[in-house]
Amino acid sequence: MKSRFAPSPTGYLHIGGARTALFAWAWAKKQKGSFVLRIEDTDRERSTQASVDAILDGMNWLGLDHDEGPFYQTDRFDRYKEIIQQLLDEDKAYYCECSKERLQILRDELTEKGEKAKYDGCCRDKKLNSGVVRFKNHLEGFVSFDDAVKGLITIGNKELDDLIIARSDGTPTYNLTVVVDDHDMKIDTVIRGDDHINNTPRQINLYEALGWQLPEFAHLPMILGSDGARLSKRHGAVSVMAYRDEGFLPEALLNYLVRLGWSHGDQEVFSLVEIVELFELKNINKAPASFNQEKLIWLNQEYIKKASTEYLIQQLQWHLDYQSVDISNGPEFFRVIEHLQERSKTLVEMTNGLKMFYQDFSEFDEKLAKKQFKDSQPIELLMNKLSALEDWAANNIKDQIKQVCDELEIGFGKIGQPFRLALSGNGNAGNIDIVSELVGKKRTLERLQMALDYISQSCN
RNA sequence: GUCGCGUUCGUCUAGUCCGGCCCAGGACCCCAGGAUUUCAUCCUGGUAACAAGAGUUCAAAUCUCUUACGCGACGCCA
């Protein structure tokens, strides 16, 4: 068994493409088959090396490894030429010299008449020998195929026209190259977006004209944006790598994507191993699905909570580099990660949360500071006690805070909140005693002093 | 416009093949309580859907038909 992912390199790997790749990958892995990566770059105008690299990067980040390829269609032009010539020789294709202008006028006329815009077969029997090459489609009859997700689909040949299989410069077009490649590469399961359903009957006719055996088709419904329109840039990030940048774990994205259009009962969380084990084409939904970032965030958080600190540290590296955070001057990194793990939805959030342990800051959040930094007495007392503390450990720090509460007869909030703000600068911190321990004695005292300075300044 | 595909809570979905166990279950979000040293986490509870109509049947989310709406395709793009 063999499946493939065949993107055209005209941009980055987007969410929809990634899901198609994931499904094709999962199905191949489940069958212990082979997963082929093929770059469909026959459009020389729009294909770029940068896009090829971006797609490879995306696949790599997601961990969707291919067993064969990547193959490039531009490397196979001789083979396509051979097939085109064969079709020409067998009178199954013909040259057409109709100008683009004539074609456009034809389309406009037909559309105006309320008919389907299709080529009228003008050059069909002219026996020309230059121009584009068109495939001779059947004029009558129907094409039927049993789609693995959509079921039986039937389209009349009357709806199809004589499609162009070679441009006037001799280069082959999509419908020809997919058929030749899928056949030559022995792809037996074609998994792709359902925007290709309309192409399928044409391709089937091509398969038959060449006397080749048909693969099984599985057409995946589209992914829509929150407004029900096809997912596009205006819905926010659509590039897979943008999700890495925003702090998502690849397995969380994969898990989210696999549940978009596929399900296994009520199960929501799937490890990669489970995806491969449980995946079934027949459980794919026929209806399109809307992308919902909230649920992705939830899943991401679940994965962060369950991840090992080693893994998080590894995944965090990119974000540390990106934000130029130096973790050499501060507490042991894994302890900070453990502390942040329970309270971070994304790696970006985590990166922001860990800065307070390694970087000094010069200003407090203004709103919070106004609210929390009013009374200097508790802070001064705490500072005195803490500076005398020799064993800088969370438990001991906690005791000192308690003593401050007892001595001044105040509640925990009166000192806890200002302390939290002093330590973090923005109020975002977990258990105050642990945070303080991790921040370290020197920095803790410096920050408390900063808080006192703030109070004395705002009093004047 | 023509053809194709689709339609269960706001969103992702279970159930649809083989009609009764579904006055429709789970998850995200949201809301209300509880626990907690902010946040986060955790626990308990709640709101909320079978697109509409007709038919078949003792019985329909499930079968049939019609309508509506949405999406896709209609390139010398893939």
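Counting only DSSP H runs of at least 4 residues, each contributing -39500 (n - 2.57), and dividing by the residue count of chain A, the helix-based mean residue ellipticity at 222 nm comes to -15000 deg cm²/dmol.
Counted over chain A, the DSSP beta bridges are approximately 50% antiparallel. Counting only alpha carbon atoms, the long axis of helix A:200-209 and the longest principal axis of chain A meet at about 40°. Of the residues A:L214, A:L438, the one with the largest accessible area comes first in the ranking A:L214, A:L438, computed with a 1.4 Å probe on protein heavy atoms. Distance between the C-alpha centres of segment A:141-205 and segment A:231-270: 29 Å, rounded to the whole angstrom.
With charges only on Cβ, +1 for K and R and -1 for D and E, what is the dipole size of chain A about its Cα centre, in debye, rounded to 20?
Numbers: 57 positive and 72 negative charges, 133 e Å.
It comes to approximately 640 debye.
Relative to a virtual label point 7 Å from the Cα of A:M1 in the Cα→beta-carbon direction, which members of segment A:25-40 show backbone nitrogen distances below 12 Å? Residues passing the 12 Å test: A:25-35. Candidates A:Y311, A:A422, A:I337 compared by Cα position along the dipole of chain A: farthest toward the positive end lies A:A422, with charges placed on Cβ.
For a paramagnetic label modelled on A:R102 (point 7 Å from Cα along Cα→Cβ), amide N atoms under 16 Å away belong, within segment A:130-169, to A:130-135, A:162-164, A:168. Of A:K186/A:K282; A:K305/A:K374; A:K374/A:K442; A:K233/A:K282, which sit over 26 Å apart, Cα to Cα? As for pairs spanning more than 26 Å Cα to Cα, those are A:K305/A:K374; A:K233/A:K282.
For helix A:15-30, what angle does its Cα long axis make with the longest principal axis of chain A, in degrees from 0 to 90 and rounded to 10? That helix lies at roughly 80 degrees to the long axis. Once divided by 2.2 N^0.38 Å, the Cα radius of gyration of chain A becomes 1.38.
The angle separating the long axis of helix A:174-184 from the principal Cα axis of greatest extent in chain A is about 90 degrees.
The stretch between A:K367 and A:W392, if pulled fully straight at 0.36 nm per residue, gains 6.0 nm over its current Cα-Cα span. Of the whole protein surface, A:C122 contributes about 50 Å² of accessible area at a 1.4 Å probe radius.
The accessible-area ordering, largest first, of the residues A:Y358, A:Y311 stands as A:Y311, A:Y358, per a 1.4 angstrom probe. In the complete set of protein chains, residue-level accessible area for A:I105 is approximately 100 Å², probe 1.4 angstrom. Give me the Debye-computed log₁₀ of I(q)/I(0) at q = 0.12, 0.20, 0.21 Å⁻¹ for segment A:32-142, equal point scatterers on Cα only, no solvent, two decimals. With no solvent term, the Cα-only Debye profile gives -0.71, -1.07, -1.11. Within segment A:1-66, the trypsin sites (Lys or Arg not before Pro) that combine a DSSP coil assignment with at most 16 other C-beta atoms in a 10 angstrom radius are A:K32, A:R44, A:R46.
Counting 0.36 nm for each residue step from A:T10 to A:Q31 and taking away their Cα separation leaves a gain of 4.5 nm. In order along segment A:446-454, the phi-based Karplus estimate (6.51 cos²θ - 1.76 cosθ + 1.60, θ = phi - 60°) of 3J(HN,Hα) comes to 4, 6, 5, 5, 4, 5, 5, 4, 4 Hz; Gly and Pro are listed as x. Expressed per residue, the C-alpha convex hull volume of segment A:307-356 stands at 71 Å³. Rounded to the nearest Hz, the phi-derived 3J(HN,Hα) couplings of segment A:224-229 under the Karplus curve 6.51 cos²θ - 1.76 cosθ + 1.60 (θ = phi - 60°) are 9, x, 5, 9, x, 8, where x marks glycine and proline.
The values are calculated or read from the model by the stated rules, or taken from the named source; none is laboratory data. None of these values were measured; they are calculated from a predicted model. Here the Cβ is made from the backbone with ideal geometry for all residues, glycine too, and neighbour counts use every protein chain on show. In case anyone asks, the SASA skips ligands and DNA or RNA and just uses the protein heavy atoms, side chains included. Shrake-Rupley method; radii C 1.70, N 1.55, O 1.52, S 1.80 Å.
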